[in-house]
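Down below is the structure, laid out as structure tokens.
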Amino acid sequence: MAQPDTPHTVHPSGDNRFKLLDRAITKHQASGDALIEILHAAQGIFGFLESDLLVYIAQALRLPYSRVYGVATFYHFFRMKPTGEHTFVLCSGTACYVKGSAEIQKAVEHHCNCKFGETTADNAISLISARCVGSCGLAPVAVLDNAVAGKLTPDESLRRIRQWQEERKEEAA
């Protein structure tokens with residue numbers, strides 16, 4: 001698949017979302033220094049960052065694909081796959097691990113019947129592991145639908161997940 005030389009070329013797919021991405025790239029003057037901002041814009045437009053999209057961004061910014069991919073996979077807030085309705089981002093940093101994040105992970109995986117890095121079969125909950133969320137004083141920490149929840153226990157984590165599941169059942173009824 002041929003990729004554009006400039007961000008102003010129409011994407012071969014004809015997908016109009018690329019026009020929005022092109023505007024974000026132009027806003028930042030196609031500068032590699034704005035890579036994180038452009039990745040944020042792309043994720044906002046497309047919902048997640050798939051490989052073809054990263055290639056498009058790398059070429060538009062004249063950056064190596066490895067740099068774009070490296071940034072996109074390093075930060076926990078970038079998603080490489082579509083996510084479920086809810087996200088459970090568990091910190092696996094040293095402070096959180098020492099204070100029990102492994103036990104939380106085990107309990108959540110068992111309850112949801114999927115591993116971290118996956119989404120439940122019903123697309124309700126995405127389990128995501130983060131290297132660090134920067135809230136070590138609240139360890140163990142998870143980010144539940146963009147809200148930080150500190151000093152978590154396995155029981156409290158499961159309570160929150162059950163709450164999401166109950167809300168989903170009520171909405172379906």
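Which residues' amide hydrogens lie under 5 Å from the amide hydrogen of ARG79, considering only partners 5 or more residues apart or on another chain, with H built in the peptide plane?
The answer is LEU49.
Report ³J(HN,Hα) in whole Hz for each residue of the range 158-166, in order, from the Karplus equation J = 6.51 cos²θ - 1.76 cosθ + 1.60 where θ = phi - 60°; Gly and Pro get x.
5, 4, 5, 5, 4, 4, 4, 5, 5
Taking amide H positions as placed 1.01 Å from N in the peptide plane, with prolines and chain starts having none, which residues 5 or more places from ILE125, or on another chain, fall under 5 Å of its amide H?
GLU85, HIS86, THR120
Enumerate the lysines that LYS99 could reach by cross-link, defined here as Cα to Cα under 27 Å, with residues fewer than 8 away along the same chain left out.
LYS115, LYS151
With an 8 Å Cα cut-off and a minimum separation of 6 or more residues, compute the relative contact order for the range 107-173 in percent. Walk me through the numbers on the way to the answer.
On the way: 50 pairs, mean separation 14.7, N = 67.
Normalised by residue count, the contact order of the range 107-173 is 22 percent.
Amide H to amide H under 5 Å from CYS114: which residues, 5+ apart in sequence or cross-chain, H placed 1.01 Å off N in plane?
HN-HN under 5 Å from CYS114: empty list.
Could you list, by residue number, the cysteines of the chain that have no other cysteine's beta carbon within less than 4.7 Å of their beta carbon?
CYS112, CYS114, CYS132, CYS136
Which residue fluctuates the most in the chain, going by a Gaussian network model with Cα springs under 10 Å, if the choices are VAL133, VAL89, VAL98?
Most flexible of the set in this elastic network: VAL98.
Antiparallel versus total DSSP beta bridges in the chain: what percent is that, nearest 5?
On the way: 7 of 13 bridges.
The antiparallel fraction comes to roughly 55 percent.
Per-residue ellipticity at 222 nm for the chain, helices alone: DSSP H runs ≥ 4 residues times -39500 (n - 2.57), over residue total, nearest 500 deg cm²/dmol?
Taken over the chain, the calculation gives -14000 deg cm²/dmol.
Using each residue's phi in the range 136-141, evaluate 6.51 cos²θ - 1.76 cosθ + 1.60 at θ = phi - 60° and report the 3J(HN,Hα) Karplus result to the nearest Hz, with x for Gly and Pro.
4, x, 9, 4, x, 10
A short reminder: the numbers here are calculations on the coordinates, not readings from a lab. Keep in mind the model is a prediction, meaning the values are calculated, not measured. Don't worry about glycine lacking a Cβ; one is built from the backbone with ideal geometry, like all the others, and counts go over all protein chains shown.
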